[in-house]
1. I'd like to know how region 90-186 sits against the 2.2 N^0.38 Å rule of thumb: what's its Cα Rg over that expected value?
2. When the C-alpha atoms of region 11-77 are aligned to their principal axes, what extent does each axis show, in angstrom, from largest down?
3. For the chain, what is the mean residue ellipticity at 222 nm derived from helices alone (per DSSP H run of n ≥ 4: -39500 (n - 2.57); sum divided by total residues; nearest 500 deg cm²/dmol)?
4. Provide 162, 70, 27 in ascending order of the number of other Cβ atoms located within 10 Å of each residue's Cβ, fewest first.
5. After finding the eigenvalues of the alpha carbon gyration tensor for the chain, what semi-axes result from the square roots of 5 times each, listed largest first in whole Å?
6. Suppose a student asked you for the relative contact order of the chain, using Cα pairs under 8 Å spaced at least 6 residues apart; what percent would you report?
7. Taking the 0 to 90 degree range and rounding to the nearest ten, how far is the long axis of helix 67-89 tilted relative to the main principal axis of the chain, both from C-alpha atoms?
8. What ranking do 7, 102, 97 get, fewest neighbouring Cβ atoms within 10 angstrom at the top?
């Protein structure tokens, strides 16, 4: 779908606006994916809704659904979502040692997605890193955690910020960062192999 300026103020309004813009007699996978894309572009990845939820919204407005396509599209979307969360569950950013192992996994996944020329997978990986960074920043502000844990979480969030800005340079940057005098002073127990 071409870039467009939508007037909708919330997700429901945008779903209906895009559906009306598509001017289709029935709604199936292609239309649902276009509506999902518009939701992400307008409100960010956190606003994404399942194809079934979108289908229910447009059906309430009178759309005729191509049910087999809707079910198939929703199942495919949920499988992709599960894969993304399964990968995220294998990552641990609770401390610097675990975070280092996890960024190695991130890099392996990123490189594999690049080899596969999987733009959607790369975007999903970026979304995972954004979510993990957000979690790290929130935890770093927690007064429940001790100062050392908060400092580590701040450092980890910086790592992830660099990864998000320049994933191609990240490995070299991280190696230099972990060898820097500042890092060694702040985290003396973290040995660089």
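1. Values: Rg = 13.7 Å, N = 97, 2.2 N^0.38 = 12.5 Å.
Computed over Cα atoms of region 90-186, the ratio equals 1.10.
2. Largest first, region 11-77 extends 28, 25, 17 Å along its Cα principal axes.
3. Values: 9 runs with 140 residues, N = 193.
-24000 deg cm²/dmol, from helical runs alone.
4. Working: 162 15, 70 22, 27 25.
So the residues, fewest neighbours to most, are 162, 70, 27.
5. Numbers: eigenvalues 332, 58, 40 Å².
The answer is 41, 17, 14 Å, longest axis first.
6. Values: 150 pairs, mean separation 26.8, N = 193.
Across the chain, relative contact order equals 14 percent.
7. Helix 67-89 sits at roughly 10 degrees to that axis.
8. Taking fewest neighbouring Cβ atoms as first place, the list is 7, 97, 102.
Where a number appears in this text, it was derived from the coordinates with a stated rule and is not lab data. Keep in mind it's a predicted model, so treat the numbers as computed, not measured. Positions of Cβ are generated from backbone atoms using ideal geometry, with glycine treated the same way; all protein chains shown enter the neighbour counts.
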